[in-house]
Amino acid sequence: MKSKKIGVNTICTHVGDVEDKQFKGAISPLYMTNSYAYEDVKVLRYPRYFNTPNQEALCKKIAALEHSDSALIFGSGMAAISTSMLAFLNEGDHVVIQKTIYGGAYNFIVEEFPKFGIEFDFTEGFSEEDFTSKIKNNTKVIYIETPSNPLLQITDLNMISRIAKEKGLVTLIDNTVASPINQTPIDFGIDVVIHSATKYLGGHSDICAGAVAASEEHIKRIWKVGKNFGGSLSEYTVWLLERSMKTLALRIKKHNKNAKKVAKWLYKNPIVTRVYYPGLKSHPDYKLAKSQMKGFTGMLSFELKESIDTALFLKSLQLIKPSMSLAGVESTILAPAKTSHALLGKEERKKQGIGEGLLRLSVGIENKKDIINDLEQAFEKSII
Ligand SMILES: *Cc1c(COP(=O)(O)O)cnc(C)c1O
């Protein structure tokens, strides 16, 4: 099935299916081979060329969901981010980067770009002025992430694509936290959409993968760099990711619903001093989020009163697991200062607004009552 007019659940279940001509099985067979014929064939297939049958099938599904012409899958979100950035940046070029982005992407930029002679500036905030004031004569790319991890800040997609078009810049977005079910940045004029498929696309906390969706022309450019850097994904994991994505829209719907309920409950709780969730009317960018997102994701962050022992709170949770990653079907929680943003250092964290006691909750698809009950019993046990 190809049409972009079909519903999102049908895209998840069927688009890109590899037909099993030999046995007529109902789902895509897994082509577990790295060796394809080179005589009398139209394309030379090889896993690192991103063009095996299972890779091509999954790319069609991702492209259909992101409303793009084309897509590529990578061995990790960081492989997708690094390859895409380096596809559009050469020595002497400059890139404007949104303040607060995923910790790994931040490290990639500050540790690797100087080696390539690529210049960069982080914005001071999220306004038009914050972005335009950083653009220089040699700027080629604007890089954003919305909602951002872990503070769920919102960047205006229309504004970014307008600025970029005026100046002839390429826009890259990390769309991991939203997922294509909640946000399709290409509809707003963003050029390149990147995912850590380790998160919602995979959704079961068991695989590491990345994806990029863009126009045919941009994907060609990323492909040329990608085949040299070699960040392709193993065939088995490609197949697992296709399997996971069949339930993506269903899962996201439940994540959205649960997170909104949990965010509202936290907001009303006197023990909680702040809740960061774009689906709450109290979020400074609620209106903007509503205008560019179909749902507000399963991610939220919050801060507790000082009278709560955070370490004891985390230990007291029985259902919600303190763990590194996010976006699985199970609820997980972490303290960014100790994990995802630990390498930034206290000063940089403070600059980015990431409090030392901040907690990031990835709301799963369990019954919402059970998630809330677990938070409540852990709060009670951790009052100093
Ligand atoms: C996890 C994550 C990444 C990096 O993905 P990996 O698959 O771990 O390489 C990038 N961006 C965001 C927003 C993430 O949450």
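Taken together, the values in this text are just the output of simple stated rules run on the coordinates, not laboratory data. Since this is a predicted model, take the numbers as computed values, not measurements. So basically every Cβ, Gly included, is an ideal-geometry build from the backbone, and we count neighbours across all protein chains shown.
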- Result of the Cβ filter at 7 Å on the stretch 172-188, keeping first residues that are on the phi < 0 side of the Ramachandran plot and touching a residue at least 12 places away in the same chain (Cβ under 8 Å) and partners that are within 13 Å of the ligand (Cβ to nearest atom) and part of a helix (DSSP H, G or I), at least 6 apart or interchain, is Leu172/Ser84; Leu172/Met85; Asp174/Ile81; Asp174/Ala105; Thr176/Gly77
- From the options Ile163, Ile207, residue that is touching a strand residue (DSSP E or B) at 6+ places or on another chain (Cβ under 9 Å) and β-branched (Val, Ile, Thr): Ile163
- Query: Does the stretch 61-75 contain at least one residue that is of a type outside the set (Gly, Ala, Ser), over 16 Å from the mean Cα position of the chain (by Cα) and over 30 Å from Leu250 (Cα atoms)?
  - Reply: no
- Message: Which numbered condition in (1) within 16 Å of Asp374 (Cα to Cα); (2) in contact (Cβ under 8 Å) with a residue 40 or more places away in the chain; (3) among the aliphatic types (A, V, I, L, M) is the only one that Leu288 fails?
- Response: (1)
- Note on the structure: Among residues of the stretch 68-84 being more than 8 Å from the ligand (Cβ to nearest atom) and of a type in the set (A, V, I, L, M), the residue nearest to Leu241 (Cα to Cα) is Ile73
- Query: In the stretch 280-303, how many residues are assigned to a loop (DSSP other than H, G, I, E, B) and either out of contact with any helix residue (DSSP H, G or I) (no Cβ under 9 Å at 6 or more places or on another chain) or of a type outside the set (S, T, N, Q) (or both)?
  - Reply: 10
- Message: Looking at the stretch 211-226, I want the residues that are acidic (Asp, Glu) and have a partner that is surrounded by fewer than 24 Cβ atoms within 10 Å (Cβ to Cβ) and assigned to a strand (DSSP E or B) with Cβ atoms under 7 Å, at least 6 apart or on another chain. Which pairs are those?
- Response: Glu216/Ser70
- Query: Of the residues that sit in the stretch 100-131 and are surrounded by 15 or more Cβ atoms within 10 Å (Cβ to Cβ) and closer than 16 Å to Thr83 by Cβ, which one is farthest from the ligand (Cβ to nearest atom)?
  - Reply: Ile118
- Would you pick out the residues in the stretch 170-200 that are surrounded by 20 or more Cβ atoms within 10 Å (Cβ to Cβ) and over 25 Å from Ser362 (Cα atoms)? Val170, Thr171, Ile186, Ile190, Asp191, Val192
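Per-residue answers, yes or no, for (1) touching a residue at least 12 places away in the same chain (Cβ under 8 Å); (2) among the aliphatic types (A, V, I, L, M); (3) touching an Asp or Glu at 6+ places or on another chain (Cβ under 8 Å):
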position	(1), (2), (3)
Ala37	no, yes, no
Ala64	yes, yes, no
Ala71	yes, yes, no
Asn90	yes, no, no
Asp93	yes, no, yes
- Only one of Ala342, Ala327 is surrounded by 15 or more Cβ atoms within 10 Å (Cβ to Cβ) and in contact with a helix residue (DSSP H, G or I) (Cβ under 9 Å, 6 or more places away or on another chain); which? Ala327
- So, of the residues in the stretch 248-273 that are without any contact (Cβ under 8 Å) to a residue 40 or more places away in the chain and basic (Lys, Arg), which turns out to be farthest from Ser196 (Cα to Cα)? Lys268
- On the given criteria, is Asp40 on the phi > 0 side of the Ramachandran plot and more than 25 Å from the chain's Cα centre (by Cα)? yes
- Query: Quick one: which helices (runs of 4 or more DSSP H) sit completely within the stretch 146-230 and have at least 2 residues that are more than 16 Å from the ligand (Cβ to nearest atom)?
  - Reply: 157-167, 216-229
